[in-house]
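J.: This structure is in structure tokens; I'll ask about it shortly.
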Amino acid sequence: MKSKEFTSVFVYGPLKPGGIYHDRFCSSFKFEAEEAYVNGKLFDFSPLGYPGALEGDDLRICGFVLRFSHKESEVLSKLDELKGYDPNRQEGLNEYYRKRVNVFKNAENSEASENAWCYFMALKKIESLRGVQMSDGFWPTKNPPT
């Protein structure tokens, strides 16, 4: 991107291009999307219609890095709303937490291509929501239950 100020966010669920929340939360911004992965474990919460990620180095989470040509404060405040994350709230009260992670674009290259924000869940939250691990690290774009 040519803009001096941009925000990179890694997405793996309904915020992916084609996902149910992508247009609602991303279309008001100018951005580029590129397939990528981060290290961690992915869990599905079928009754809820969305996934959650757990930090880790042993597996991969497949998704997209979205590079917004906007300030972090503009982009993240909108995404935080969807993710139930408030940086001023006690950690255990948030559904997700936000963290900068290494993003990888090429499966054959073990070096990170960039750093991006990613939303993770604590293990206790995943267990309480009865998350089912997705060993392939890929959450198919689908609509949540009605």
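J.: For the stretch 77-89, check the following and say yes or no: at least one residue is surrounded by fewer than 11 Cβ atoms within 10 Å (Cβ to Cβ), modelled with pLDDT under 95 and not in a loop (DSSP other than H, G, I, E, B).
T.: No, the stretch 77-89 contains no residue that is surrounded by fewer than 11 Cβ atoms within 10 Å (Cβ to Cβ), modelled with pLDDT under 95 and not in a loop (DSSP other than H, G, I, E, B).
Conditions tested, residue by residue: (1) at pLDDT below 95; (2) over 25 Å from Ser77 (Cα atoms); (3) surrounded by 10 or more Cβ atoms within 10 Å (Cβ to Cβ).
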| residue | (1), (2), (3) |
| --- | --- |
| Gly92 | yes, no, no |
| Arg100 | no, no, yes |
| Lys105 | yes, yes, yes |
| Glu114 | yes, no, yes |
| Trp117 | no, no, yes |
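J.: Further question: Pick from the stretch 34-52 the residues that are touching a strand residue (DSSP E or B) at 6+ places or on another chain (Cβ under 8 Å) and surrounded by fewer than 17 Cβ atoms within 10 Å (Cβ to Cβ): which of them is nearest to Gly137 (Cα to Cα)?
T.: Glu35
J.: Just to be sure I understand the filter: pairs with C-beta atoms under 7 Å, separated by 6 or more residues or on different chains, first member in the stretch 69-91 and in contact (Cβ under 8 Å) with a residue 12 or more places away in the chain, second member of a type in the set (A, V, I, L, M) and crowded, with 17+ Cβ neighbours inside 10 Å. Which pairs pass?
T.: If the second residue must be of a type in the set (A, V, I, L, M) and crowded, with 17+ Cβ neighbours inside 10 Å, the pairs left are Val75/Val9; Leu79/Val9.
J.: Give the stretch 1-46 a look and list any residue that's among the acidic types (Asp, Glu) and touching a helix residue (DSSP H, G or I) at 6+ places or on another chain (Cβ under 9 Å), or say none.
T.: Passing the criteria: only Glu5.
J.: If Ser27 meets every condition in (1) more than 27 Å from Lys124 (Cα to Cα); (2) surrounded by fewer than 19 Cβ atoms within 10 Å (Cβ to Cβ); (3) among the hydroxyl-bearing types (Ser, Thr, Tyr); (4) touching a residue at least 12 places away in the same chain (Cβ under 8 Å) apart from one, which number is that one?
T.: It fails just one condition, (4).
J.: Select from the stretch 8-24 the residues that are surrounded by fewer than 21 Cβ atoms within 10 Å (Cβ to Cβ) and either hydrophobic (A, V, I, L, M, F, W, C) or in contact with a strand residue (DSSP E or B) (Cβ under 7 Å, 6 or more places away or on another chain) (or both) and list them in ascending order.
T.: Of everything in the stretch 8-24, those that are surrounded by fewer than 21 Cβ atoms within 10 Å (Cβ to Cβ) and either hydrophobic (A, V, I, L, M, F, W, C) or in contact with a strand residue (DSSP E or B) (Cβ under 7 Å, 6 or more places away or on another chain) (or both) turn out to be Pro17, Ile20.
J.: Kindly indicate whether Phe6 is hydrophobic (A, V, I, L, M, F, W, C) and farther than 18 Å from Gly137 by Cα.
T.: Criteria met by Phe6.
The values are calculated or read from the model by the stated rules, or taken from the named source; none is laboratory data. This one's a predicted model, so the numbers in the text were calculated from it and none came from an experiment. Ideal geometry is used to build each Cβ from the backbone, glycine not excepted, and the neighbour counts take in all protein chains shown.
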